[in-house]
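Below is one structure, written out as structure tokens; comments come after it.
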Amino acid sequence: QNDTGSEMLMLTELRKFREESGIAQRDILESQTRMEVSIGEIKKRIDTLEERLNTAEERQERVLAYLLKKDARLIAKLDDIENRMRRNNTRVYGIKEDSEGKEIIPFITDFFKVLMLPEGTDICIERAHRATAPKPKPATPPRSIIVRFLDFNVKQMVLQHAWKQRDVEFRGNKVYFDLCTSTEVQRKRKQVREVIKKLKEQH
């Protein structure tokens, strides 16, 4: 009887253990399922946030591209307006500081005689002044003189005669004539000159 009682107790304990194990296993499976659902929801939220972020970044890139394009157009338009305003201007390089005295227009009008312009040419200078930069020290190159003509054709004639004559001098110093262009155009021309210089050095 004792052996039978012991076997019954063991069977009872075994059934109880199996039941508890089954319950524990179900709890684990349920927890795992809930965790998988939670992970899935978190992943969906992350995907949604990433999609929104990508959309926002794309929108920002489009806006930035539009603003940059608009800015470039505005700069080009302002540059064009500036160049149109300067179309009657020319720059004269190499004339020593203070050579013009107090009356720069009579001085520059008289100086243009070295270009041997056609007789009777009415130069008609509207205004003239030194470039708006600090006055250089005696040992450094002088500031250019900007001359504005009333007539665009006269300006062109002056430039053509100056470039054709090439060796124009004033009181022993070489004088150069050039177009008076915007800062942007000057920058681009400088880049071109540097490229040409490098190409010449290579050959």
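The values are calculated or read from the model by the stated rules, or taken from the named source; none is laboratory data. Fair warning: this is a prediction, and the values are worked out from it, not measured in the lab. In case anyone asks, the SASA skips ligands and DNA or RNA and just uses the protein heavy atoms, side chains included. Shrake-Rupley method; radii C 1.70, N 1.55, O 1.52, S 1.80 Å.
Computed quantities for the displayed model
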{"read-out": "Per residue value of the accessible surface for segment 88-202 (all protein chains in place, 1.4 Å probe), Å²", "value": "67 Å²"}
{"read-out": "Cα-Cα separations in segment 88-202 greater than 17 Å, expressed as whole percent", "value": "59 percent"}
{"read-out": "Cα-Cα separations in segment 1-142 greater than 21 Å, expressed as whole percent", "value": "76 percent"}
{"read-out": "Under-21-angstrom lysine pairs by C-alpha in segment 88-202, whenever the two are 8 or more apart or on separate chains", "value": "21"}
